[in-house]
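Have a look at the structure below, then the notes.
The values are calculated or read from the model by the stated rules, or taken from the named source; none is laboratory data. Note that the structure is a prediction, hence the values are computed from the model and not measured. Glycine gets a Cβ as well: all are built from the backbone with ideal geometry, and neighbour counts include every protein chain shown.
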């Protein structure tokens, strides 16, 4: 009997100790809240780093797109007797419902330099962080919304007044719409008659004219470029022209600053790509930019929007 009582006491002691250990192993509400708080802090610390890594990856992909496009432009010129690809071809000065504009991207697609697509991020013609906005559909300008220059434009298209509508041109081999999220450095005065200055920028809307001086825009030759390694061809953005309004935050700028630290990726006439900060993008002289400012932006080893800055900025 004594032995049996001893065993029962022993078992009871083990059960009590086991229960005590189980109680000690369980988390209290306070401990759970502390763990949840620590996890929340870690997430808050990690998310910015993850976002920065994602942004950097998108910027690298965009630069890769531009390098491919830059090389395609070089090959186009080599295959076309040194002539530069047009931003598009046209007749007259104002566009209109019968004037279909093919665009440089559909030209590259049709001629099998680089395939295009109308879906976001399906081809090299759009930056990975292109905004889902078409700023030219009803206004033909980007206005003051900083998101508009980060959007896209579909080509080929018809521009009639301030309305821009995508269209195919099967009779000329352009049988699909290409979505484009890059700005091309082109002389693009469509909409009214103005003075025509040949070979001013990288390319132009070939066939525009006659200007008020009786001239037409024609194909540019690479031999006209003074500094190909510093001449901007494409940049984050939409459409073409307005080279005096390229800085970040400027009304109707077509250059979009899509990447960290308010930078735009660009490709140059020799095919290499870089990033330019929004306060350093070169500007042409115009209504808001003095000749002195344009010289400061474009001379020396600075990036330039001019085919030959010395010739274009040689005024008094």
* Would you say residue 266 is closer than 24 Å to residue 146 by Cβ, in contact with a strand residue (DSSP E or B) (Cβ under 6 Å, 6 or more places away or on another chain) and in contact (Cβ under 8 Å) with a residue 40 or more places away in the chain? -> yes
Residue count, the range 198-209, condition over 20 Å from residue 99 (Cα atoms) and either touching a strand residue (DSSP E or B) at 6+ places or on another chain (Cβ under 7 Å) or crowded, with 22+ Cβ neighbours inside 10 Å (or both), comes to 4
Result of the Cβ filter at 7 Å on the range 183-199, keeping first residues that are in contact (Cβ under 8 Å) with a residue 60 or more places away in the chain and at positive phi and partners that are surrounded by fewer than 22 Cβ atoms within 10 Å (Cβ to Cβ) and outside any strand (DSSP E or B), at least 6 apart or interchain, is 191/94; 199/224
Checked against (1) surrounded by 15 or more Cβ atoms within 10 Å (Cβ to Cβ); (2) closer than 22 Å to residue 269 by Cα, residue 115 satisfies every condition except (1)
Of those in the range 1-35 that are surrounded by 10 or more Cβ atoms within 10 Å (Cβ to Cβ) and at pLDDT 65 or above, the residue nearest to residue 275 (Cα to Cα) is 35
Residue pairs qualifying under the 9 Å Cβ cut-off, at least six apart or on distinct chains, with the first in the range 42-55 being at negative phi and part of a helix (DSSP H, G or I) and the second being surrounded by 11 or more Cβ atoms within 10 Å (Cβ to Cβ) and at pLDDT 75 or above, are 52/260; 55/129; 55/259; 55/260
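Results for (1) touching a strand residue (DSSP E or B) at 6+ places or on another chain (Cβ under 7 Å); (2) surrounded by fewer than 17 Cβ atoms within 10 Å (Cβ to Cβ), shown as yes or no for each residue.
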site	(1), (2)
144	no, yes
147	no, yes
155	yes, no
158	yes, no
161	no, yes
165	yes, yes
174	no, no
181	no, no
**Message:** Against the definition (farther than 26 Å from residue 93 by Cα, touching a strand residue (DSSP E or B) at 6+ places or on another chain (Cβ under 6 Å), modelled with pLDDT of 95 or more and in a loop (DSSP other than H, G, I, E, B)), how does residue 219 come out, yes or no?
**Reply:** no
